[in-house]
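Input: a single structure, listed below in structure tokens.
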Amino acid sequence: MKNTSLFSKLVHTAFTHKLRACFGAVMALAFLFASPAAVSAGYTVNTSASPSAITGLWWNPDESGWGATLTQQYDVIFVTMFTYDASGNPTWYVVSNCAVTGGGCQGDLYKVSGGSKPTVTWSGINIAEAIVGTMSLAFTDDDNGTMSFTIDGVAVSKAITRQVWRTAPEGEHRPQKY
């Protein structure tokens, strides 16, 4: 059994705290550089029609098990992110006012819980929502982008793409985008 001195433990603890602080700073910079202005310089979200080309299901195909629904009406995108918490329970987050600027949007991120099963009468008594961070979306085109968010102080950035489960039949073409 290895005998570890108090000095070694203190050095290890100090190093671990410095490493965590450095990681946090790097993640904050990544979040900053993944902002809509930084990523989407050549693409602008169309805000003149509703629904727009951004509306749809979005995900990261390498991370099956979570996703987001984006619904755009003119200059606002409503985001619903569905995922799981650390215990494996379904968890929902929403950005109800993701204001579009240029090639993306940004807004407050809420965690929501409660409600009723759809087979029982709605009461709405146990609804809970709390701001847990912020989210920004930066699009490179109508079908690809980056979702950057913080939840309880943890910064995350993920590539997202529109989820396509059906293409136009032979001879038909995709409706023109607004």
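The values are calculated or read from the model by the stated rules, or taken from the named source; none is laboratory data. Here the structure is a predicted model, which means the values were calculated and not measured. Virtual Cβ from ideal backbone geometry, glycine too; neighbours counted across all protein chains shown. For the accessible areas, the whole protein counts, side chains as well, though only heavy atoms, and no ligand, DNA or RNA atoms are used. Shrake-Rupley method; radii C 1.70, N 1.55, O 1.52, S 1.80 Å.
Of note:
- Of the strands (runs of 3 or more DSSP E) entirely within the range 55-99, those holding at least 2 residues that are of a type in the set (A, V, I, L, M) and under 17 Å from residue 136 (Cβ atoms) occupy 67-73, 76-84.
- Residues in the range 123-139 that are of a type in the set (S, T, N, Q) and either farther than 23 Å from residue 62 by Cβ or surrounded by fewer than 17 Cβ atoms within 10 Å (Cβ to Cβ) (or both): 123, 126, 134.
- Within the range 102-122, considering residues that are open to solvent by 60 Å² or more (accessible area, probe 1.4 Å) and at pLDDT 95 or above, the one nearest to residue 45 (Cα to Cα): 106
- Residue 32 being within 18 Å of the chain's Cα centre (by Cα), at pLDDT below 50 and not in a strand (DSSP E or B): yes
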